[in-house]
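See structure below.
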Amino acid sequence: MRDYKKRLKKPRNKMVSGMMYLLPIFILFMVIEKLWYKVSHLGKLVVHNLHLDDFFGKYSLTITTGLLILLIFYVFGYLATLPRFMKFYDWFEGMMLDVIPGYSKYKTELENKISPKPDNRIPVLVNSPMGYKPGLLIDEKATSSVVFFPSTTNALEGEVLVVENKIIQKINLDAKSLLGIMKKQGKGLPVA
């Protein structure tokens, strides 16, 4: 009986891993499908009123729906340049931050993937009673500085401490390299 359970454990783990891998893709397709479905109702009205089915044939609804979605994206891109719309957007996004857990994390990750910005934070080692702790220098003042200590699993999570400048040692790396080293649990960290 135990051998049977042992043989089923590996395929079960593979299925769970596959499910976790496909879940974000599945959610993305669900959102796109919902958007397409909602806009296609409007597309039917446009096709019927402008008699586009005579011109495009059986693909008229598909073409019209695609063009309407592009038009919606364009209009909202234009609205994003208007100050009043930005005030509304900021209010709405603030509400989303309160209602949806993890919204800010996913928004930041998406923004970084769409248009990555250079990370100008300076990698440092901070001398602590347990040893040197790697972190990123956020703000440096005359006697003390703000240092962010990222988590090994997620570079957006961690802790922020104000430490004295005398226990900070700058290291010759860029922030992206340090975060990559942190994901590998410190392997490759330049230590003496």
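Nothing in this text is a laboratory measurement; each read-out follows from the coordinates by a stated rule. Being a predicted model, the structure only gives us computed values, none of them experimental. Virtual Cβ from ideal backbone geometry, glycine too; neighbours counted across all protein chains shown.
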- How far is the Cα center of the stretch 152-188 from the Cα center of the stretch 42-100, in Å? 42 Å
- Rounded to one decimal in nm, the spacing of the 7 Å Cα→Cβ label points at Ile27 and Lys187 is 2.9 nm
- Item | Those lysines that a straight Cα-Cα span of less than 23 Å connects to Lys170, excepting residues fewer than 8 apart in one chain | Lys117, Lys133, Lys141, Lys183, Lys184, Lys187
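Taking a quarter of the surface of the Cα convex hull of the stretch 122-183, what do you get in nm²? Could the numbers behind the result be given before it?
Values: hull surface 15.9 nm².
Value for the stretch 122-183: 4.0 nm².
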- Message: Per residue of the stretch 90-98, what does 6.51 cos²θ - 1.76 cosθ + 1.60 with θ = phi - 60° give for ³J(HN,Hα)? Whole Hz please, x for Gly and Pro, Karplus curve as stated.
- Response: 4, 4, 5, 5, x, 5, 4, 4, 6
- Task: May I ask you to compute the full-extension gain from Met20 to Lys38, defined as 0.36 nm times their residue separation minus their alpha-carbon distance, rounded to one decimal in nm?
- Result: 3.7 nm
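Normalised by the number of residues in the chain, what is the relative contact order in percent for Cα pairs under 8 Å and 6+ residues apart?
Numbers: 161 pairs, mean separation 22.0, N = 192.
Value for the chain: 11 percent.
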- Query: Over all directions, what mean area does the Cα convex hull of the chain project, stated in square nanometres?
  - Reply: 20.9 nm²
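Would you calculate, for the chain, the mean residue ellipticity at 222 nm contributed by helices, counting each DSSP H stretch of 4 or more residues as -39,500 (n - 2.57) and dividing by all residues, to the nearest 500? Before the final figure, lay out each step's value.
On the way: 6 runs with 112 residues, N = 192.
Only helices count here, giving -20000 deg cm²/dmol.
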- Note on the structure: Under 5 Å from the placed amide H of Ile171, counting only residues 5+ away or on other chains, we find Val124, Leu125
- Separation in nanometres of the label points that stand 7 Å from Cα toward Cβ, at Phe76 and Leu45: 1.8 nm
